[in-house]
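Input: a single structure, listed below in structure tokens.
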Amino acid sequence: MVNKKFPFHKDIHQFTPGRSVVDRDIQHLKDLNVNLVRLGVHWAGVEPERGSYNQTYLDITYTIIKKLQDNGIYTLVDQHQDVWGAQICGHGAPVVSPRSSIVYYQ
């Protein structure tokens with residue numbers, strides 16, 4: 001379960017195929033005997049600007065994990081960032097490091 005574009009989380013209010021985590025989605029997982037999901041947590045969702053944390057994103061992530069748990073589904077929180085942020089055509093870690101802090105190897 002991953003949403004690679006802003007707001008970086010699944011909808012928790014309205015069913016939208018492939019884009020939500022509501023009761024209907026969870027029932028479908030249960031019908032398929034799924035008991036573990038991998039939930040992508042994006043750095044850009046957690047910290048959209050250096051030092052500024054998105055509590056709404058964290059609350060929605062918690063709600064998704066809790067809904068799954070209440071239905072007997074484990075959550076593997078996947079917080080790896082395999083690309084940089086939208087500033088350079090990615091969807092992962094925001095580009096917050098000043099160039100002077102980057103270590104170059106020769």
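Taking the stated definitions as given, is TYR74 modelled with pLDDT of 90 or more and not polar (S, T, N, Q)? So TYR74 fits the description; yes. For segment 13-44, the set of residues classified as in contact with a Phe, Trp or Tyr (Cβ under 9 Å, 6 or more places away or on another chain), of a type in the set (A, V, I, L, M) and not in a helix (DSSP H, G or I) consists of VAL22, LEU36, VAL37, VAL41, listed by residue number.
The sole residue among VAL21, VAL46 that is under 19 Å from ASN71 (Cα atoms) and β-branched (Val, Ile, Thr) is VAL21. In segment 44-78, the qualifying residues are those that are aromatic (Phe, Trp, Tyr) and either surrounded by 18 or more Cβ atoms within 10 Å (Cβ to Cβ) or in contact with an Asp or Glu (Cβ under 6 Å, 6 or more places away or on another chain) (or both), and the one that is nearest to ILE12 (Cα to Cα) is TYR57.
The values are calculated or read from the model by the stated rules, or taken from the named source; none is laboratory data. Worth saying up front: this structure is predicted, and the values here are computed from it rather than measured. In this analysis, Cβ positions are derived from the backbone assuming ideal geometry, glycine residues included, and neighbour counts consider all displayed protein chains.
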